[in-house]
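What follows is a set of notes on a single structure, which appears directly below.
The values are calculated or read from the model by the stated rules, or taken from the named source; none is laboratory data. The structure presented is a predicted model; accordingly, all values stated were derived computationally and were not measured. Backbone-built Cβ (ideal geometry, glycine too); neighbour counts: all protein chains shown. For the accessible areas, the whole protein counts, side chains as well, though only heavy atoms, and no ligand, DNA or RNA atoms are used. Shrake-Rupley method; radii C 1.70, N 1.55, O 1.52, S 1.80 Å.
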Amino acid sequence: MPVLGKLALIAAVLTAAACSAPPPAPSAPPPAAVAASDWSPAPVVPLPSQPPPSLVVDAPLPDQLAMGLVVLRYRAENLRIVPVYGPAALDVSPRIGHIHVTVDDAAWHWADGSGEPLIIQSLPPGPHKVWIGLADPTHKILDQKTVNFVVPVHNGHH
């Protein structure tokens, strides 16, 4: 069969397959409208005024704590956690920031801009505390929480 004949045959098969394909499934209905009071502005435009930022921290997850692993979930309200620092970032709207973390009143802390849960391991059994400060891009603390917990005696390492 000459090349043009083969191409015509392939085109005919493809056309027949496309014409016999089932119609696409209807798209999902649009999500239900959310009441205006439950809906915050999309974080893509500057906000003329913003409520003060606040920090919410959950207690450590008990199953992990029993294995000697401290997992602390947190979230910021009225502030997005991002790894952006410096005075120029103070003008970003909606507001951005990060957290500072201190374990057991250590003389040092670390900063985190990931927004992911804090995972602390290898703490000895006994009482501990983790201080979390919600900071602006210049490291000024805007809100803070302290979480107290007890690491139980456990077998094995994580």
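Considering only the range 75-98, I want to know if a residue exists there that is open to solvent by 60 Å² or more (accessible area, probe 1.4 Å), closer than 15 Å to Ser54 by Cβ and in a loop (DSSP other than H, G, I, E, B). So far as the range 75-98 goes, yes, one or more of its residues are open to solvent by 60 Å² or more (accessible area, probe 1.4 Å), closer than 15 Å to Ser54 by Cβ and in a loop (DSSP other than H, G, I, E, B). Scanning the range 118-141 for residues that are open to solvent by less than 60 Å² (accessible area, probe 1.4 Å) and in a strand (DSSP E or B) returns Leu118, Ile120, Gly126, His128, Val130, Ile132, Gly133, Leu134, Ala135.
Looking only at residues of the range 99-112 that are more than 18 Å from the chain's Cα centre (by Cα) and in a strand (DSSP E or B), we find that the one that is farthest from Gln64 (Cα to Cα) is Trp110.
So which residues in the range 60-74 are open to solvent by less than 70 Å² (accessible area, probe 1.4 Å) and on the phi < 0 side of the Ramachandran plot? Correct list: Pro60, Leu61, Gln64, Leu65, Ala66, Leu69, Val70, Val71, Leu72, Tyr74. Residues in the range 110-124 that are closer than 27 Å to Asn78 by Cα and either hydroxyl-bearing (Ser, Thr, Tyr) or free of Cβ contacts under 8 Å to residues at least 12 places away in the same chain (or both): Trp110, Ser114, Glu116. Among the residues examined, Gly115 qualifies as under 30 Å from Pro51 (Cα atoms), part of a loop (DSSP other than H, G, I, E, B) and open to solvent by less than 90 Å² (accessible area, probe 1.4 Å).
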